[in-house]
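Engineer: Here you go, one structure.
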């Protein structure tokens, strides 16, 4: 059941395990994921590869012990020819998708991102980026609510994206 005040929630982030892949495949097949994700079999294979990756960290977001979202963080400077390698050193990228459809539009996306970004800043990240499709107005609104600001549109092997960022306030020279 959705909560009315997700800002009061504390989310747990844990590494994706092999046992999570069937649930992730179910989520990918739901309309709110299928609109933005690719072929479920290919996407699960990619997540499985990321489980052993140095550059990408796939995570399950839990609320009260229940998996509610998929989150991944990545370092664009650890991949050859990454389209965001032009970002400042210390930048990490994130991607987030809420799992159960009934939790969409409940404020969880922005609350999850606020908490996770705060953790990344605590670990020394200088900037966190996210790259929704410019057509994904729901995601852009959630990311803006979480504190991200648009840097501009780009086109890469991922298609058209709106690159958004939030900078670590500890690194702000002003």
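Engineer: Length gain on complete extension for the stretch residue 17 to residue 160, per 0.36 nm per residue less the alpha carbon to alpha carbon distance?
Structural biologist: Once the chain is fully extended between residue 17 and residue 160, it gains 48.4 nm.
Engineer: I need the shape label for the chain. Rule: rounded when a/c is under 1.5, else prolate if a/b > b/c, else oblate, with a, b, c from the alpha carbon gyration tensor.
Structural biologist: Judged from the Cα gyration tensor, the chain comes out rounded (a/c under 1.5).
Engineer: With a cut-off of 11 Å, note down the residues of the range 55-82 whose backbone N falls inside the zone around a label point 7 Å from the Cα of residue 151 toward its beta carbon.
Structural biologist: Residues 76-77 fall inside that zone.
Engineer: Quick one: if you stick a label point 7 Å off each Cα along the C-beta vector at residue 9 and residue 81, how many nm between them?
Structural biologist: Placing both labels 7 Å along Cα→Cβ, they lie 3.9 nm apart.
Engineer: For a footprinting-style exposure proxy, rank 161, 128 by other Cβ within 10 Å, fewest first.
Structural biologist: So the ranking, lowest neighbour count to highest, is 161, 128.
Engineer: Taking the beta-carbon count within 10 Å as an exposure proxy, list 92, 163, 21 from fewest neighbours to most.
Structural biologist: By the 10 Å Cβ count, ascending, the order reads 21, 163, 92.
Engineer: What FRET efficiency comes out for residue 39 versus residue 171 if R0 is 30 angstrom and r is the Cβ-Cβ distance? Round to the nearest 0.05.
Structural biologist: After rounding to 0.05, the efficiency reads 0.20.
Engineer: Additional query: Taking neighbour counts of Cβ atoms within 10 Å as a proxy for exposure, in what order, fewest first, do 164, 51 appear?
Structural biologist: So the ranking, lowest neighbour count to highest, is 51, 164.
Engineer: Distance between the C-alpha centers of the range 105-169 and the range 74-88? Whole Å please.
Structural biologist: 16
Engineer: Among bridges DSSP assigns within the range 9-171, what percent are antiparallel (round to 5)?
Structural biologist: 90
Coordinate-derived values only; no laboratory data. None of the values given here were measured: they were computed from a predicted structure. Using ideal geometry, Cβ is built from the backbone for each residue, glycine included, and neighbour counts are taken over all protein chains shown.
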